[in-house]
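The values are calculated or read from the model by the stated rules, or taken from the named source; none is laboratory data. All values reported here derive from a predicted model rather than from experimental measurement. Here the Cβ is made from the backbone with ideal geometry for all residues, glycine too, and neighbour counts use every protein chain on show.
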Amino acid sequence: MKFGTISYKFWEVTVTMEHISTIARILGSFFYYPLTHETNRQVCQMIADSDEQEGSPFAELLQAVNADGAEELAMDFQKLFEGCEVMPAPPWGSVYLDKEQVIFGTTTLDYRRFLADKDMSLDTGMREPEDQFGLMLMAMSKLAEAEDSEAIKLLLSDHLLPWAPRYLELMQANASTQSYRLLGGMAEQWLAYIAEALAISAVEKKVYF
């Protein structure tokens, strides 16, 4: 998985397709795989080795990952992303936008059609909803690679921004580790910055969760 050049102060830089692709891919990986996963270990090492690490928003996250430790991070990931009896911050859009609060809801199907229109398909080797927050950021990264700004605006306005603020609020409130609290805050700030830079407003949809 290639990540390109990192622009650390991502709410202070000129928004380009390269910037969107890079940051969306990094955040998408952090929200899809456990922070202890080998893929994310490599990303963290890449950030740590960068000359620009000092003073970056990622620097604090790396410090938190080291301080929290693998066991605590694994437990927090299970609670936040896999769930046990109760899932305090489900990472799937249809849980928030579907009246029945289910995965694979009608909004998932709408998003699936959007991906199909862009000749994109989910291939993770598992049957899972396409509207998982991290997967949606990865899709956004792919659209940025293709320099499809209109598709990015549609993904954000219609499919992600209507529920993402509520999800990230719940994630930060229920995370047991500093790492996942910081990650939720970083994603919240970055999405707000991108929406402002691209003049995107979320389509008004009722949030049920």
> In the set 130, 145, which member is touching a residue at least 60 places away in the same chain (Cβ under 8 Å), in contact with a helix residue (DSSP H, G or I) (Cβ under 8 Å, 6 or more places away or on another chain), on the phi < 0 side of the Ramachandran plot and among the charged types (D, E, K, R)?
Replying inline: 145
> When the residues of segment 175-209 are filtered to those that are of a type in the set (Gly, Ala, Ser), assigned to a helix (DSSP H, G or I) and closer than 20 Å to residue 155 by Cα, which remaining residue is modelled with the lowest pLDDT?
Replying inline: 197
>> Yes or no: segment 18-29 includes at least one residue that is crowded, with 19+ Cβ neighbours inside 10 Å, hydrophobic (A, V, I, L, M, F, W, C) and at pLDDT below 90.
In response: no
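So, restricting to helices (runs of 4 or more DSSP H) that lie completely within segment 46-158, which ones have at least 1 residues that are among the small types (Gly, Ala, Ser) and surrounded by fewer than 16 Cβ atoms within 10 Å (Cβ to Cβ)?
57-68, 70-77, 106-117, 149-154
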>> For the condition more than 20 Å from the chain's Cα centre (by Cα) and in contact (Cβ under 8 Å) with a residue 12 or more places away in the chain, what is the one hit in 67, 116?
In response: 67
> If you go through segment 159-184 one residue at a time, how many are farther than 24 Å from residue 105 by Cα and surrounded by fewer than 17 Cβ atoms within 10 Å (Cβ to Cβ)?
Replying inline: 2
> Can you name every residue in segment 159-174 that is touching a Lys or Arg at 6+ places or on another chain (Cβ under 8 Å) and in a loop (DSSP other than H, G, I, E, B)?
Replying inline: 162, 163
> Taking only pairs six or more apart or across chains, which ones have beta-carbon atoms under 9 Å, a first residue in segment 182-209 that is in contact (Cβ under 8 Å) with a residue 40 or more places away in the chain, and a second residue that is part of a helix (DSSP H, G or I) and among the polar types (S, T, N, Q)?
Replying inline: 182/172; 183/172; 198/149; 200/157; 201/157; 202/157; 203/157; 205/107
> Tally time: how many residues in segment 185-209 are among the hydroxyl-bearing types (Ser, Thr, Tyr) and buried (at least 16 other Cβ atoms within 10 Å of the Cβ)?
Replying inline: 1
